[in-house]
Amino acid sequence: PTPTKYANGDTNPLSSDASTRLARRWFTQEGNYSYLSDYLGDSPNLDNQQPLVTASKGASAEVNWIFGNQTLTSISAYKDYQFQARNDEGTPFDISKNGGGHVLYHQASQELRLSGQTGSLVDYQTGLYLLTTSNDYDSGSGYGADAGAWFASSSTGTKKGQYDLLDADGNGRYLMSNSLNRLIFKPLQQIRNQSEALYAQADWHLLDRLTLTTGVRFSREDRKNNVSKLITDNGNAPELNPVAVNGVQLGGFDSTGAGALTTNNNAQQLALADAVALKYFGVSGYGSLTTNQQAQVGAAKTIRASQLGVLWNPTEGRDYLKVLPSYVVSPSYKINQELTAYASWRFGEKAGISQVVNGVPFLAEPERSSAYELGLKSTLLDRKLILNADVYVNYIENYQQAVQVFDQYTTNLKNDGTSYFTAATGNAAKVRASGLEIDALYRPIPNFSLRFSGAYNNAVYKDFKNSGQPLENGNLTTTPYRDVTSANLPGAAKFTGNVGADYYHYVFSNAQIHSSINYAYTTRYNSDPSLSSYAWVPAYGIADFSIGIGRRDQKFDASVLVKNLFNDDTSQVVLWNSYIPAIPRWYGIQFSAKL
C-alpha cells in the first residue's frame with residue numbers, strides 16, 4: 001500500500017493511487033475483485049499481458065596467421081537482437097493495452113590484432129578495433145476502454161474532479177471511456193554509435209622477477225540520437241485531441257479547461273466541435289451544449305492531454321564526438337615461487353550520451369575514472385591453498401546516472417516564473433569507491449575443494465548536488481533535487497561474500513559423482529537511484545546446491561539442481577509502494593553433452 005504520509009509528515013492525499021481508483025463505482029462493479037486481496041496480493045491479474053518476444057542471431061569468424069614469433073589475428077563479428085514487451089497494469093480492467101518496450105538492435109565489429117615477442121624483453125599486442133551499432137527503441141503507451149476512468153482526477157474539497165463530473169451520466173461516461181480507448185503513442189529513439197580504436201599493450205620483462213605492463217588505447221566515439229514522440233493510433237476519439245502539443249499538430253479544436261470554445265478556432269475546428277456535440281450529446285451544435293456538458297468535454301480532453309504529455313517531432317540530440325584515451329601502468333614483482341606482488345594505475349573515459357529530454361537535446365558528459373590497486377597473489381601450503389588479495393581506490397568524475405535536470409519545455413509551457421526539472425541521465429560530479437577483495441581456493445584432501453571470496457566496498461558520492469527527490473519527498477515541488485554528497489551509492493553493499501565447496505568421486509571405469517554447494521551473502525544496500533528511505537534491502541544470503549553423475553571426460557553429465565535452497569524471500573528491489581519479489585526456491589534437472 002502507498003504510505004499515507006510524506007517524509008515530512010504531510011498527508012499524502014492518495015488522489016491518484018490505485019486504492020482510490022479501485023474504489024470508484026466504475027471498478028467496484030467487478031464484485032469479485034478487491035484492492036487488498038487482489039491488487040496487493042501475490043498474483044496480480046495480467047489480462048492484457050502478452051508474452052515477451054526475444055530473438056537474436058549472430059556470426060563470427062577468426063583467422064590467425066602465424067609467422068615467426070608473431071601472430072596476426074582478424075576477428076569479424078555480427079550480432080542482432082530483438083525484444084518486444086506488451087505490458088499490463090495488474091488489474092482485470094481494460095486500462096493498459098499494447099504498451100511496452102520494443103528494441104531492434106544490430107552491431108558489427110572488426111578487430112585486427114598483432115601479438116608477439118621481441119626476444120626475452122617484451123611480449124606485446126597492438127591492434128585496431130571498429131564497432132558500429134544501430135538501436136531503434138520505442139517504449140509506447142497504449143490504453144483500453146477503462147483507462148479514462150482510471151486516470152481521471154478525483155474531487156478535492158469543493159472542487160469536482162474529472163471522474164465525478166463524467167460519471168454523472170451516460171454522456172459523460174461515453175466521453176470518459178472514449179478519451180483514451182485504443183490511443184497509442186510512442187517515443188522512438190534511433191541511436192547510432194560508432195567506435196574506432198587503436199590500442200597497444202606490452203609486458204616488459206625488466207628483471208627475472210620484475211615485469212612492467214603498460215598499455216594505451218585511443219577510441220574515437222561518435223554517438224548520435226534522433227528522437228520523436230508521436231501518436232501512432234488516435235483510437236476512438238481523435239476529436240478530443242489538443243490543437244497541438246510542442247509544435248506537433250493534432251487537429252483538435254481550441255477550448256478552455258471548462259470546455260468553452262475560444263476565439264482561436266477556424267471553420268474546420270468549429271465543425272469538429274459541432275461533431276463532438278452530436279457524437280456525445282445528440283445535438284447539432286457545440287453552442288447548444290449546457291455549461292455542464294461543455295465542462296464534461298473539457299474534462300475528457302484534459303484526461304487525454306495529460307496522458308499524452310509532451311510530444312515532439314523528430315529531434316536530433318546533440319552529437320557526441322570525441323577521442324577518449326585509456327592508460328594502464330602495472331608493475332608486478334615475483335617475491336618467490338609462492339608470492340607475487342603487483343600494483344596498477346588505470347585511467348579511462350566512458351563516452352558521453354546523446355539524448356533528448358522532453359523534446360530538448362541534452363548531453364550527458366563523459367565519465368572519467370582513475371583506479372589504483374595494490375595486490376598480492378600467492379600459492380601456499382604446498383600449493384594446496386591459492387590466496388589472492390588486493391586493496392583499491394577508484395576516483396570517478398562526472399559519474400553517469402539518473403539526475404534532475406532543467407526541463408525547458410515545462411518551464412516555457414507554464415511560464416509562471418518557476419523553473420521546472422525532470423529526470424534524465426546526467427552526471428554526479430564526483431564518486432569514490434575504495435575497498436578490499438579476497439579470493440581463496442583450498443584443497444585439503446584429494447577431490448575436495450573449498451572456495452571463498454569476499455569484498456569490502458565503500459562507494460560514496462563525494463559531490464552530488466543534483467540528485468532527484470525520492471518518492472517520499474514527492475510533495476516538495478519547490479525543491480526538485482537534493483544534495484546527497486557523502487551518501488553511499490545505490491546497489492553498493494558494504495560487505496559481500498561467497499563460500500562454496502566442491503567434491504567429486506570416481507565410480508566405475510569412466511564416471512564420477514560430483515556435488516557442489518554455494519552460499520552468497522550481502523549486507524544491506526539501497527536499491528533506489530534516488531536513495532529512498534523505503535528502498536533499503538536488508539542483509540540476505542542465497543544458497544544453491546547440486547549433485548550429479550557424469551563421464552570423466554565430460555562428454556555427458558546429469559545433475560539435480562536446487563536454487564535458493566533455504567527459500568530466502570528477501571526482495572532485491574524495493575520502493576515506497578512497490579517491490580520485486582525474490583525468486584523462490586526451485587528444483588531442476590540439467591543434462592549436458594558434447595561430441
Setting aside same-chain residues fewer than 8 positions from Lys224, which lysines have a Cα under 19 Å from its Cα? Lys322, Lys350
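Relative contact order of region 398-457: what whole-number percent is it, with Cα pairs under 8 angstrom and at least 6 residues apart?
Reported relative contact order: 31 percent.
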If the cut-off is 27 Å between C-alpha atoms, which lysines fall inside it for Lys563, apart from same-chain ones fewer than 8 positions away? Lys494, Lys555, Lys594
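In square nanometres, what is one fourth of the surface area of the convex hull spanned by the alpha carbons of region 336-389?
Mean shadow area of the hull around the Cα atoms is 5.9 nm².
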Cα centroid separation, region 129-172 to region 88-120 (Å): 29 Å
Taking each pair of different alpha-carbon atoms in region 438-561 once, compute 1/r for the pair, average those values, and report the inverse of that mean as the Kirkwood hydrodynamic radius in Å to one decimal. 18.2 Å
Could you work out Rg/(2.2 N^0.38 Å) for region 1-138, with Rg from alpha carbons only? 1.96
Please list the equivalent ellipsoid semi-axes of region 427-498, computed as the square roots of five times the alpha-carbon gyration tensor eigenvalues, in descending order and whole angstrom. 41, 13, 6
Roughly how compact is the chain, stated as its Cα Rg over 2.2 N^0.38 Å to two decimals? 1.23
For region 96-191, shape from the Cα gyration tensor axes a ≥ b ≥ c, cut at a/c of 1.5 then a/b versus b/c, turns out prolate
Kirkwood Rh over alpha-carbon pairs of region 550-593 plugged into Stokes-Einstein at 10 °C, 1.306 mPa s gives a D in µm²/s of 122 µm²/s
Burial order of peptide ranges 370-381, 172-183 (average beta-carbon count within 10 Å, highest first): 172-183, 370-381
Just to check I understand the Karplus step: with θ = phi - 60° and J = 6.51 cos²θ - 1.76 cosθ + 1.60, what whole-Hz values come out for region 180-194, glycine and proline as x? 10, 4, 6, 6, 9, 9, 9, x, 10, 10, 10, 9, 10, 10, 9
Ignoring ligands, DNA and RNA, how do Arg220, Arg432 rank by accessible area with a 1.4 Å probe, largest first? Arg220, Arg432
Rounded to the nearest percent, how much of the accessible area of the chain (1.4 Å probe, protein heavy atoms only) is carbon and sulfur? 55 percent
With 10 Å bins from zero, work out the P(r) of region 250-379 over every alpha carbon pair and list the percent per bin. 10, 21, 14, 12, 11, 10, 9, 8, 6, 1
Just from its helices, what would the mean residue ellipticity at 222 nm be for the chain, if runs of 4 or more DSSP H residues each count -39500 (n - 2.57) and the sum is divided by every residue, rounded to the nearest 500 deg cm²/dmol? -3000 deg cm²/dmol
Name the residues whose placed amide hydrogens come within less than 5 Å of the amide hydrogen of Asn427, ignoring near sequence neighbours (fewer than 5 apart) on the same chain. Gln401
In whole Hz, the Karplus estimates of ³J(HN,Hα) for region 329-339 (6.51, -1.76, 1.60; θ = phi - 60°; x where Gly or Pro) are 9, 9, x, 9, 10, 8, 5, 7, 5, 9, 10
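My understanding is that a pair violates if its Cα-Cα distance is over 31 Å; which of Lys186/Lys279; Lys79/Lys334; Lys229/Lys414 do that in this structure?
Values: Lys186/Lys279 28 Å; Lys79/Lys334 42 Å; Lys229/Lys414 20 Å.
With Cα atoms farther than 31 Å apart: Lys79/Lys334.
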Per residue of region 435-450, what does 6.51 cos²θ - 1.76 cosθ + 1.60 with θ = phi - 60° give for ³J(HN,Hα)? Whole Hz please, x for Gly and Pro, Karplus curve as stated. x, 9, 10, 10, 9, 9, 9, 10, 10, x, 9, x, 6, 9, 9, 10
Just to be sure I follow: if Rg is taken over the C-alpha atoms of region 334-489 and Rh is the Kirkwood radius over the same atoms, what is Rg/Rh? 1.20
Using the per-residue mean of other Cβ atoms lying within 10 Å as a proxy for protection, in what order, highest first, do the peptides 516-523, 461-468, 92-99 fall? 92-99, 461-468, 516-523
Using only the alpha-carbon atoms of region 1-45, report the extent along each of the three principal axes, biggest first, to the nearest angstrom. 37, 24, 11
The long-range amide H neighbours of Ser153, using H built 1.01 Å from N in the peptide plane and a cut-off of under 5 Å, are Gln162, Tyr163
Post the alpha-carbon centroid distance, region 363-380 to region 288-307, in whole angstrom. 59 Å
Cα-Cα pairs in region 109-262 separated by more than 23 Å, as a whole percent of all pairs, come to 64 percent
Averaged over all directions, how much area does the convex hull of the C-alpha atoms of region 218-301 cover when projected, in nm²? 7.8 nm²
Once both axes come from the Cα atoms, what is the angle between helix 291-308 and the longest principal axis of the chain, in degrees from 0 to 90, rounded to 10? 10 degrees
Inter-part distance where region 195-271 and region 567-586 are each reduced to a Cα centre, Å: 33 Å
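The values are calculated or read from the model by the stated rules, or taken from the named source; none is laboratory data. Every value quoted in this text rests on a predicted model; they were computed, and no experiment measured them. So basically every Cβ, Gly included, is an ideal-geometry build from the backbone, and we count neighbours across all protein chains shown. Accessible surface areas use protein heavy atoms only, side chains included; no ligands, DNA or RNA. Shrake-Rupley method; radii C 1.70, N 1.55, O 1.52, S 1.80 Å.
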